[in-house]
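What follows is a set of notes on a single structure, which appears directly below.
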Amino acid sequence: MDLQLTGKVVIITGGSDGLGAATALACAKEGANVVIAARGLDKLTKTAASIGGQALAVQTDVTNPVHLENLVAQTVTRFGRIDAIINNAGRAAAKPFESISDLEWQEDLDMKFYAAIRLSRLAVPHMKAVGGGSIVHVLAIGGKTPAANSMPSTVSRAAGMALMKAMSKDLGKDNIRVNGVLIGLVESDQWVRRAAQNNQSVESLYARLPLENGIPLGRVGRAEEFGDFIAFLISARAAYISGCAINFDGGMSAAV
Ligand SMILES: NC(=O)c1ccc[n+]([C@@H]2O[C@H](COP(=O)([O-])OP(=O)(O)OC[C@H]3O[C@@H](n4cnc5c(N)ncnc54)[C@H](OP(=O)(O)O)[C@@H]3O)[C@@H](O)[C@H]2O)c1
């Protein structure tokens, strides 16, 4: 299946590691020019080099609106257009309700919610200029089914889902599709770091997680599977899919 991504320009936040890096690679393999954004310059540069010539690395903290303006400006200067953005940068943040400070709420919303609003708002005029586009908000299944001790992340993700649905209604007339992908448990650098912190191998963590979390498919997802799915979702092959909150979780979530 030809995804028809050749020559398209895709911005991926959190593109230096984990799921974002896998998405950048999948889109680049399909012929897209990819722009990856993250804070750490070393990792960002290495990831861009591993993807190859059509990857641009732009050091960006998505919580800083000026950085987002620079990200869009550099993308347009280099490639002249924007066809898709993947709002992916994020990290786990889950604590008991009473222990979460205002600052922690604000930081989580800044990274997972306001960053998606701001980058999307900057990119939309460029998508309109090329006749349409695709926006993906990377979310988590906890946004549909918040558990105990799961805030602030689950609440930020639920807000992201509402944002996605409302944006899809506003932007459909401009042929801009907006979707959310709700992750369950997928192999990525965040799990590698967590295993190291707990002095265990990442392989044993990946073996334990499906049992502890009741994943029907019996395994965690692979970053490459996620990247391939996002490449499909932003492509012309998914041209009639908009306003969807799609679980990417091996069947783990109880919610459809
Ligand atoms: N993997 C899972 O099982 C899972 C489950 C649920 C949700 N998710 C969500 O999926 C997304 C990707 O997760 P992942 O597992 O791939 O995480 P990861 O391996 O930790 O990668 C996170 C990426 O985001 C970047 N990042 C972090 N803070 C940033 C900021 N303020 N500005 C710009 N970039 C930033 C990181 O680079 P720097 O640190 O250098 O900036 C890195 O490139 C996240 O939103 C995460 O919450 C993942």
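The values are calculated or read from the model by the stated rules, or taken from the named source; none is laboratory data. As the structure is a computational prediction, the values presented were derived from the model and not from experiment. In this analysis, Cβ positions are derived from the backbone assuming ideal geometry, glycine residues included, and neighbour counts consider all displayed protein chains. The accessibility values were calculated without ligands, DNA or RNA, using every heavy atom of the protein model including side chains. Shrake-Rupley method; radii C 1.70, N 1.55, O 1.52, S 1.80 Å.
List of remarks:
- Evaluation of T154 against the conditions (1) within 21 Å of S16 (Cα to Cα); (2) open to solvent by less than 20 Å² (accessible area, probe 1.4 Å) shows that the sole unmet condition is (1).
- Residue check, R237 under 30 Å from V35 (Cβ atoms), over 19 Å from the mean Cα position of the chain (by Cα) and at pLDDT 95 or above: yes
- Filter result (of a type outside the set (A, V, I, L, M), open to solvent by less than 70 Å² (accessible area, probe 1.4 Å), within 8 Å of the ligand (Cβ to nearest atom) and not in a helix (DSSP H, G or I)) within segment 1-51: T13, G14, G15, S16, D17, G40
- Among the residues of segment 186-216, the ones that are part of a loop (DSSP other than H, G, I, E, B) and touching a Phe, Trp or Tyr at 6+ places or on another chain (Cβ under 8 Å) come to 1 in all.
- Exactly one residue out of S153, S134 is of a type in the set (G, A, S) and within 16 Å of the ligand (Cβ to nearest atom), and it is S153.
- Cβ-Cβ under 8 Å pairs, at least 6 apart or on other chains, segment 219-234 side touching a residue at least 24 places away in the same chain (Cβ under 8 Å), far side among the acidic types (D, E) and within 12 Å of the ligand (Cβ to nearest atom): V220/E187; G221/E187; G221/D249; R222/E187; A223/E187
- Selection count where residues are open to solvent by 50 Å² or more (accessible area, probe 1.4 Å) and either part of a helix (DSSP H, G or I) or of a type in the set (F, W, Y) (or both), scope segment 217-228: 3
- Count of segment 184-216 residues, restricted to those that are open to solvent by less than 90 Å² (accessible area, probe 1.4 Å) and within 13 Å of the ligand (Cβ to nearest atom), is 19.
- One residue stands out among those in segment 52-67 that are under 20 Å from S188 (Cβ atoms) and small (G, A, S): the one that is most open to solvent (accessible area, probe 1.4 Å), which is A57.
- Residue within segment 194-201 that is in contact (Cβ under 8 Å) with a residue 12 or more places away in the chain and out of contact with any Leu (no Cβ under 8 Å at 6 or more places or on another chain) present: no
- Residues that are small (G, A, S) and buried (at least 20 other Cβ atoms within 10 Å of the Cβ), drawn from segment 229-249: A231, S235, S242, A245
- Among residues of segment 105-132, those that are open to solvent by 50 Å² or more (accessible area, probe 1.4 Å) and either assigned to a loop (DSSP other than H, G, I, E, B) or in contact with a strand residue (DSSP E or B) (Cβ under 6 Å, 6 or more places away or on another chain) (or both), counted: 2
- Looking only at residues of segment 76-110 that are closer than 10 Å to S153 by Cα and among the aliphatic types (A, V, I, L, M), we find that the one that is nearest to the chain's Cα centre (by Cα) is A92.
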